[in-house]
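Everything on this sheet refers to the single structure shown next.
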Amino acid sequence: MKRKYTHLIPRSVGCCYAAVIAAIAALAGACSPKSDDVFDASPAQRQQQAIRDYAALLTAPEYGWAMDFYPSDMAQGGIAYTARFTPDEVELATEMLIDNAKGDKVKYAAGQTVTSEYDIIPGQGIMLTFDTYNPLMHYWSQPSGTQSEGLATDYEFTFVSATADEVVLRGCKYGHLLRLYPLHEDAATYLGKVIAMRAALCEIPRKRAVVDGRSLPVTAMSSHLLYDDDDGSAQDVPYTYTAAGIRFYEPVTLGGVTVGALTFDDTTRDLTSADGRVQLPLPTPLEQFCGTVTQWHFIYGNTDASYDMCDELREIVKTFITRTSKENNEFVDDIYVGMNKQLVQEDAQRTVIGWSTSTSMVGVWYELRYGLDMTVVSEDGFLIRITPLDGGLYTANYPQVVPFLDFIRNNNPYALQFDDILNPRYVRLVSQQDPSKWFALKL
């Protein structure tokens, strides 16, 4: 049986956090060579004491910990986990379905708990290691096919800091931070709230921040906050959904104000910092359209009358469809703007102008797309700018799409005419340069 240091500390809900933190702080002060003569204990003894102190800290909360977990390259942002430690085992659960087809062939539902062993050991610092197989944790690191290291995610972590309110660890191999916060309700209740929060916030991405009353352009969607810092450098900070709102991987500074988390207001549907200085307000109808998480489809068909667009664009689209059939041997099934149909792991561009094609072979289809920038020009005039950007994989094989993209790009800005401002299903975009140039989209 492997040696377990954690059994030396009895589990107690009434554990004195202050004593634990004081002991850990004392260890930190003992790390410099000059302090060795202050302690009667040897460095090895102090190390063992630190292991016991960390074990006491992890096992103390009655409901365990909320764990902000950032797998792989962080492209999908943070994932909410819970971890309840006993002296010998840890009970993990997560907000997402884990389909472990490449591991134990089992699907683990959101909120389902799985128990395994863990250890706290000396290494390069004091380490927390999930050292027996737990599919919820090792799903991200188990080898698969050509991925000898799985999805490049840690399951061994070094303690960085530890207080009663937050434990911070760093992955030993890939270096991502793992943050733990004490739960004040059971794991199932907490994760249920996280799942509901993710659903509520993912429906309507945020497109601006208000900092001390000043509006700044940002984008908050797909568990990432995108913004430019004070020197104009583009920043991308992932975040985790919580029961209360969102929590950033690292604190962000917007307009000179630094914030680590934002709380969701059920009434206003705004996200607000604890001091009220930073808000990500509920987007306007134009902002919601520009940040859509679904697709708005161009309307066309087999007859001229079925094309819901101006004559010039109709001829461009017809030529695009015809040439794609002749030159690529593919049928154009859909043309759209909005959220990328591809997963973020396959294409980081989330807002796109794209098209789907298929062949006469059953089950063979393709997704092609260009990145897309959609921004509000005027709220009062209901004006937006819609600009195609770089092409994705294989788009170079479709030069016939260029006139279509040029039409969209060259006729900015567009005035939007919704069928229903509160719950739109149809919108007509009319060029402000030349109102004879327009097209319609349906949700």
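The values are calculated or read from the model by the stated rules, or taken from the named source; none is laboratory data. Remember, predicted model here, so these are calculated numbers, not experimental data. So basically every Cβ, Gly included, is an ideal-geometry build from the backbone, and we count neighbours across all protein chains shown.
Some points to look at:
- Of 385, 323, all but one fail to be at pLDDT 95 or above, surrounded by fewer than 17 Cβ atoms within 10 Å (Cβ to Cβ) and outside any helix (DSSP H, G or I); the exception is 385.
- Qualifying residue in the range 234-251 (condition: more than 11 Å from the chain's Cα centre (by Cα), surrounded by fewer than 19 Cβ atoms within 10 Å (Cβ to Cβ) and modelled with pLDDT under 90): yes
- Residues that are of a type in the set (D, E, K, R), closer than 23 Å to residue 375 by Cβ, out of contact with any Asp or Glu (no Cβ under 7 Å at 6 or more places or on another chain) and outside any loop (DSSP other than H, G, I, E, B) are absent from the range 266-274.
- Residue in the range 401-422 that is among the small types (Gly, Ala, Ser) and in contact (Cβ under 8 Å) with a residue 12 or more places away in the chain present: yes
- Scanning the range 216-237 for residues that are in a strand (DSSP E or B) and within 17 Å of residue 291 (Cα to Cα) returns 216, 217, 218, 219, 220, 221, 224, 225, 226, 227, 236.
This table checks each residue for (1) at pLDDT 95 or above; (2) out of contact with any Pro (no Cβ under 9 Å at 6 or more places or on another chain).
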position	(1), (2)
148	no, yes
158	yes, yes
168	yes, yes
179	yes, yes
182	yes, no
185	yes, yes
193	yes, yes
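- Test: residue in the range 274-281 that is more than 16 Å from residue 429 (Cα to Cα) and out of contact with any strand residue (DSSP E or B) (no Cβ under 8 Å at 6 or more places or on another chain): yes
- Number of the exception - residue 131 against (1) over 23 Å from the mean Cα position of the chain (by Cα); (2) over 19 Å from residue 171 (Cα atoms); (3) assigned to a loop (DSSP other than H, G, I, E, B): (2)
- Scan the range 345-382 for residues that are among the hydrophobic types (A, V, I, L, M, F, W, C), modelled with pLDDT of 85 or more and within 26 Å of residue 223 (Cα to Cα) and the total you get is 8.
- Once the range 122-138 is narrowed to residues that are in contact (Cβ under 8 Å) with a residue 40 or more places away in the chain and crowded, with 17+ Cβ neighbours inside 10 Å, the residue that is farthest from residue 52 (Cα to Cα) is 136.
- Among the residues of the range 252-272, the one identified as modelled with pLDDT of 95 or more, over 19 Å from the mean Cα position of the chain (by Cα) and among the hydroxyl-bearing types (Ser, Thr, Tyr) is 258.
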